[in-house]
Amino acid sequence: MDKILVRGGRPLSGSVKISGSKNSALPILAATLLTKEPCVISRVPDLSDIHYMLTILSQLGCEVERASGTVTIKAEKIVTEAPYEIVRKMRASVCVLGPLLGREKEATVSLPGGCIIGDRPIDLHLRGFEALGAAVLVHAGNVKVLAPELRGTTISLRGKFGSTVLGTDNVMMAAVLAEGTTVIDGAAEEPEVVDLANFLIAMGAKIEGAGTRRILIEGVKELHGAEHEVIPDRIEAGTFLAAAAICGEGVTLHRVHPADLKAVTDPLIQAGFVIESNGNQMTLRPGATRKPLKIDAYPYPGFPPDMQAQMCALLATTDGISVVTDNVFPQRFMHVAELKRMGANIELQGQTAVIHGVERLSGAPVMASDLRASAALVLAGLQAEGTTEINRVYHIDRGYESIDEKLNMLGADIERVKV
Ligand code: EPZ
């Protein structure tokens with residue numbers, strides 16, 4: 001198991017290329033199950049979560065070929081039960097349910113277990129499948145969905161915390177081959193949902209309204225193979241913007257979609273940073289002052305909950321009182337205790353972190369608990385005095401492609417050591 005050593009205090013400058021989006025690639029790879037014909041997906045990031053998805057697809061019978069960032073998948077003959085051993089490693093495996101149900105009218109996947117970032121049920125996914133006419137059976141840790149036929153209808157996917165991203169993806173993938181028209185109300189509006197819809201449309205699906213709260217899907221008889229390039233990872237891009245804000249002297253991101261990042265760049269500009277965008281590149285420079293912020297994480301187009309930990313690391317050394325609330329995963333504050341070990345002054349009040357900015361953090365051994373918390377600890381290490389030792393970095397490899405190498409190219413001093 002690796003750990004990462006971050007020697008802090010070095011300014012960042014230069015440019016970095018942003019990888020393809022993990023949260024877009026995962027459902028798009030699952031969607032290839034909807035056709036027997038080959039699909040070619042490019043800009044697929046090299047991450048352990050992607051590796052898990054490709055393993056699940058192979059175990060479902062797909063032919064999978066990978067050449068650097070391009071993956072070719074042919075799901076000619078498939079089975080409909082995804083093995084527990086792999087599914088338990090990654091919650092997002094649940095998004096093979098929709099395409100398998102859509103194509104084969106049945107699917108069995110192990111029910112996702114507990115998650116460190118909070119309670120993450122799939123009741124909305126199952127509600128959508130039932131509305132399309134499927135029977136849902138939960139037994140022995142597995143969920144089985146079964147339907148002689150699927151029939152289009154109107155489905156509300158609005159939950160206690162708003163819309164559901166993978167729930168919208170799953171129901172959309174089941175509905176593209178259903179009889180008649182499906183309307184998803186309260187749909188997630190994330191750019192990753194739009195990217196999946198664009199891939200499905202390239203396969204011959206009839207979808208309107210992706211990116212809005214109301215998606216309309218007219219079922220078709222079958223889908224064909226297609227080629228697709230995955231959109232840039234806006235959370236990786238947001239993480240590098242936060243790094244540039246923490247200790248940058250001008251950092252340029254290449255291969256980004258600035259429009260997808262507005263909910264992150266707006267507060268950074270409000271805090272005093274200077275951000276210039278030009279086509280698919282974006283540069284962040286320090287401003288004259290750095291101001292505290294009040295951030296409320298919500299589903300898109302709100303501030304992304306996958307960026308709240310990284311902003312806590314930035315605001316930990318921003319003079320004044322900042323307030324960060326997570327309205328999607330109220331318990332997602334595992335990073336706070338570790339930041340406090342580095343000298344941050346943060347008070348947790350329910351789903352809100354009240355951050356009193358301190359002069360400086362100091363390096364310490366810390367424990368990564370989940371993907372975005374581990375990114376926040378790397379950002380904290382960049383600005384801390386001395387060395388920060390981050391343990392359990394397998395979390396970071398789930399969602400960041402070579403983050404240590406990319407940061408070192410910007411001037412950081414990060415070392416990965418085998419334990
Ligand atoms: C996606 O997870 C992302 N994962 C998450 O990113 C991200 O944090 C999340 O969306 C929110 O933006 C992928 O795309 C692979 P949700 P998802 O269903 O779809 C509740 C990362 O760091 N809910 O939109 O699983 C749920 O508990 C990961 O890359 C129900 O109550 O999230 C949560 O509070 C972490 N019932 C809220 O809705 C349901 O059936 C939003 O969850 C489904 C969800």
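Annotations for the structure displayed:
- Test: residue 256 is crowded, with 23+ Cβ neighbours inside 10 Å, part of a loop (DSSP other than H, G, I, E, B) and either away from the ligand (no atom under 14 Å from the Cβ) or over 19 Å from the mean Cα position of the chain (by Cα) (or both): yes
- Counting the residues of segment 160-178 that are among the small types (Gly, Ala, Ser) and closer than 16 Å to residue 212 by Cα gives 3.
- Residue 275 vs. criteria within 30 Å of residue 128 (Cα to Cα), at pLDDT 95 or above and of a type outside the set (Phe, Trp, Tyr): no
- Residue-level analysis places residue 270 outside the set of residues that are of a type in the set (S, T, N, Q), in contact with a Leu (Cβ under 7 Å, 6 or more places away or on another chain) and within 17 Å of residue 18 (Cα to Cα).
- Conditions (1) in contact with a Phe, Trp or Tyr (Cβ under 9 Å, 6 or more places away or on another chain); (2) closer than 28 Å to residue 34 by Cα: number failed by residue 234: (1)
- Within segment 102-123, the set of residues being in contact with a Phe, Trp or Tyr (Cβ under 6 Å, 6 or more places away or on another chain) and either of a type in the set (A, V, I, L, M, F, W, C) or modelled with pLDDT under 90 (or both) comprises 117, 118.
- Residue 220 being surrounded by fewer than 21 Cβ atoms within 10 Å (Cβ to Cβ), among the hydrophobic types (A, V, I, L, M, F, W, C) and modelled with pLDDT of 95 or more: yes
- Residues located in segment 100-120, provided they are within 7 Å of the ligand (Cβ to nearest atom) and among the β-branched types (Val, Ile, Thr): 117
- Screening residue 188 against (1) more than 27 Å from residue 48 (Cα to Cα); (2) at pLDDT 95 or above; (3) assigned to a loop (DSSP other than H, G, I, E, B) leaves a single unmet condition, (1).
- Residues of segment 121-165 that turn out to be within 12 Å of the ligand (Cβ to nearest atom) and in contact (Cβ under 8 Å) with a residue 60 or more places away in the chain, as a count: 4
- Subset of segment 22-40 (residues that are of a type in the set (A, V, I, L, M, F, W, C) and surrounded by fewer than 24 Cβ atoms within 10 Å (Cβ to Cβ)): 40
- The listed residue being within 19 Å of the chain's Cα centre (by Cα) and buried (at least 17 other Cβ atoms within 10 Å of the Cβ), out of 344, 373, 316, 353: 373
- Within segment 55-81, the residues that satisfy the criterion of being closer than 23 Å to residue 229 by Cβ and in a loop (DSSP other than H, G, I, E, B) are 62, 68, 69, 75.
- Positions within segment 261-309 being over 23 Å from residue 13 (Cα atoms), outside any loop (DSSP other than H, G, I, E, B), of a type outside the set (A, V, I, L, M) and out of contact with any Asp or Glu (no Cβ under 6 Å at 6 or more places or on another chain), in sequence order: 294, 296, 303, 306
- With a requirement of 3 or more residues that are more than 22 Å from residue 326 (Cβ to Cβ), the strands (runs of 3 or more DSSP E) lying completely within segment 363-419 that satisfy it span 387-391, 413-418.
- Some residue of segment 355-367 being touching a helix residue (DSSP H, G or I) at 6+ places or on another chain (Cβ under 8 Å) and over 26 Å from residue 415 (Cα atoms): yes
The values are calculated or read from the model by the stated rules, or taken from the named source; none is laboratory data. Quantities reported herein were computed from a predicted structural model and do not represent experimental measurements. Glycine gets a Cβ as well: all are built from the backbone with ideal geometry, and neighbour counts include every protein chain shown.
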